[in-house]
1. Pop out the carbon and sulfur fraction of the accessible area of the range A:113-230 as a percent, whole number, probe 1.4 Å.
2. Along its three principal axes, how long is chain B when you only count alpha carbons? Whole Å, largest extent first please.
3. Counting partner chain Cβ atoms within 10 Å of every residue's Cβ in A:321-334, what's the average?
4. Taking each residue of B:119-125 in turn, how many C-beta atoms of other protein chains fall within 10 Å of its C-beta, and what is the average?
5. Which whole number gives the average count of other chain Cβ atoms within 10 Å of the Cβ atoms across peptide A:401-409?
6. Using Cα-Cα distances under 8 Å and only pairs 6 or more residues apart, what relative contact order does the range A:113-230 have, in percent?
7. Using only the Cα atoms of the range B:107-242, what are the Rg and Dmax in Å?
8. Please list 3J(HN,Hα) in residue order for the range B:28-45, calculated via the Karplus relation 6.51 cos²θ - 1.76 cosθ + 1.60 where θ = phi - 60°; whole Hz, with x for glycine and proline.
Amino acid sequence: MKLSKCLKHALNMVLHSKLRSWLTILGIVIGVASVIAIVSLGEGLEQSLTEQLGDLGGDIITITPGFSRGGDIRSGGDIRFAPEGTGAQATDEETVLDRTDVQALRGLPDIELIDTQIRGNVDVSYLGKSGSVSLTGVDQKVWSLITTNEIREGRMLNSADQNVIVIGGGLADSFFDQPLGINKVITIEDSAFRIVGILDDGSNSIVMPIQMAYQLLDDKEKDVYDSLVVKIRDEDNLDAAIEKIENKLMITRHVTETDRDFSVSSGQQMNKMRSEMLGSMSAFLTAIAAVSLLVGSVGISNTMFTSVLEKTKEIGIMKAIGARNKDILAIFLFNAGLIGLAGGIVGVILGIILSGVMPYLMSDIPLARGGTYVSVDIILIALSVSVLVGIIAGFVPAYQGSKLRPVDALRYE
Amino acid sequence: MIKDQNLPENENDVLLSLEDVWKIYPMGEVEVPALKGITVEIKKRDFVAIIGASGSGKSTMMNLIGCLDIPSKGRILLKDQDISQFSESDLATFRGKTIGFIFQQYNLIPTMSAFENVMLPLEFQEIDDRTASQKAKEILAFLGLADKIHHLPSQLSGGQQQRVSIARCLVTDPEIILADEPTGALDSVTGKNIIEMLHKFWKDDGKTIIMVTHDSNLAKYANTTIELKDGKIIRIQENEVD
Ligand SMILES: Nc1ncnc2c1ncn2[C@@H]1O[C@H](COP(=O)(O)OP(=O)(O)OP(=O)(O)O)[C@@H](O)[C@H]1O
Ligand SMILES: [Mg+2]
């Protein structure tokens, strides 16, 4: 019998199969749906990370005091988006970055610019409303040249600036009852500041000249910095530049590899770290999905054994009228593949629905914030895997069915 | 594969011969001999009725003749070829082309329409769709089922179902028709109809027919009657038929 005919008969069998046998595709449905949901989550996360981190700048290096083996999860730009306290502070609290370090770094020819930054939380008020936001004090001469933030309105800081600030888009649009605009004056810790620029982001942050920030943040010592942001001359020499910076600072700070008290990180490194994290996470989730697919395949196998048993008589009839073993085998394999495909299709639909609602259901979990993204590739992969799982699961029963002796099969009631 | 196709046809050509055929079923410890040394020759264009009491081995003999089973001992020659020499898949193809089966319980595939059931053997032979569907429709129409071709077996009466199964048997134009109690599930009028149909295929189309029956009234349509008892042939009788 031609394979196309075998497929037709297999399809006929699937369409006539009992409700009970449809229930056993549940395993495949769940497996495929969870794979789609998980992968869509991962891809959504990856896309949003690329959006966030893509413009970190390959030529920016951030130096922070303290050192931990895990590395420093801190933005290479200006606005930190990691939760408070994620930074590396594993060593002595006394360790600081100060003018000496800046001097040391100035001696390195690889470095083009150095921005000195401090950070803290401040109370802001505007038209009687107030709240707490994060403040970054920057070297205003350098910041506009280094930052990867874009200005949406107004301008960056410049060297002549005194009591002026640049604010994040979130602070401008939605923090207070009324949106903030250029030249509006807000109160920060009892001093008045004029807004000269609004960043093109959603953050609730304030950027101001570092000298002003020292006055507002009482606990910060003058000429001590929370981070140094460095722009190197040649992006391609990033790794070499990091190494030179590390060696230089180790010498000037009189520390060695074992007791070093500062961290050096780059946007590139962070990207790598994040994608490694993502990778191991999705490997774990994929393993879960694989288990449910396995369970699904056991279900299909079971259905197929039952189906072959139920169709024993028909196998006998077909053999009597000229079916060869391989015809029977092909029909039942196609049947199993189609059951798998059916499970796969239902699973894909369920998975797409799931990945659509997931960001809303899990809005508290940072992983889901990136939204989800279902690619055509993953749908095709999921469908082919379901068909394959069906065929593999159906092989043994189909083979047994094809080997039935015609007399025995015909006798079966 | 088929040797004697080009030889001149001869009324006395032996189509099928059983030589000391035994069939022994193992039943746990004991062995049940269902056939004990059957030797018989069936000629081309014979209409053979096999009769005998229940359990005498009639169906067992039919299964062997139809290549659905292999003998425990002895040889079966079908068109001069020892069927035990065939591979399983050659046997299936050979069976599909040479032999047509009509069963007592019709044995139609319940999920397929009358038309699809009749198409099935042609599909196994990989005959092209147009020729096949034309043949199937012709035969169904010939058997008076033109308006029923899209009915499922469950939507047909017993007699109609048996006619569908006859259509399925005839559509491949087999040389030999094997019918195991073809009228067993039908009332006597419908049964007589079916038998007269078989008789016509024998007489007009030159088919070789081997039929198992309980009913001695039906046996008289055949030109040869073989009577079995306890797995042995006790009588072979030639009848006068018109
Ligand atoms: N698969 C089998 N296993 C064991 N014994 C069998 C098997 N098939 C048939 N027999 C035995 O072989 C003998 C002949 O059976 P068979 O079916 O050929 O009888 P029959 O003449 O067709 O009877 P009936 O008229 O009732 O159909 C019986 O005794 C039966 O019990
Ligand atoms: Mg019988």
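The values are calculated or read from the model by the stated rules, or taken from the named source; none is laboratory data. As the structure is a prediction and not an experimental result, all values here were calculated from the model. Cβ atoms come from the backbone with ideal geometry, glycine included; neighbour counts cover every protein chain shown. Accessible surface areas use protein heavy atoms only, side chains included; no ligands, DNA or RNA. Shrake-Rupley method; radii C 1.70, N 1.55, O 1.52, S 1.80 Å.
1. That share works out to 41 percent.
2. Reported extents, whole Å, longest axis first: 48, 44, 40.
3. Numbers: counts 21, 17, 9, 10, 3, 3, 4, 1, 0, 0, 0, 0, 0, 0.
Average per residue, whole number: 5.
4. Working: counts 1, 8, 5, 4, 12, 10, 3.
Average neighbour count from other chains, rounded to a whole number: 6.
5. On the way: counts 0, 1, 1, 0, 4, 9, 8, 2, 1.
What the average comes to for A:401-409 is 3.
6. Details: 272 pairs, mean separation 43.7, N = 118.
Contact order relative to length: 37 percent.
7. 15.9, 48
8. My calculation for the range B:28-45 gives x, 6, 8, 10, 9, x, 8, 10, 10, x, 8, 10, 7, 10, 10, 8, 4, 6 Hz in order.
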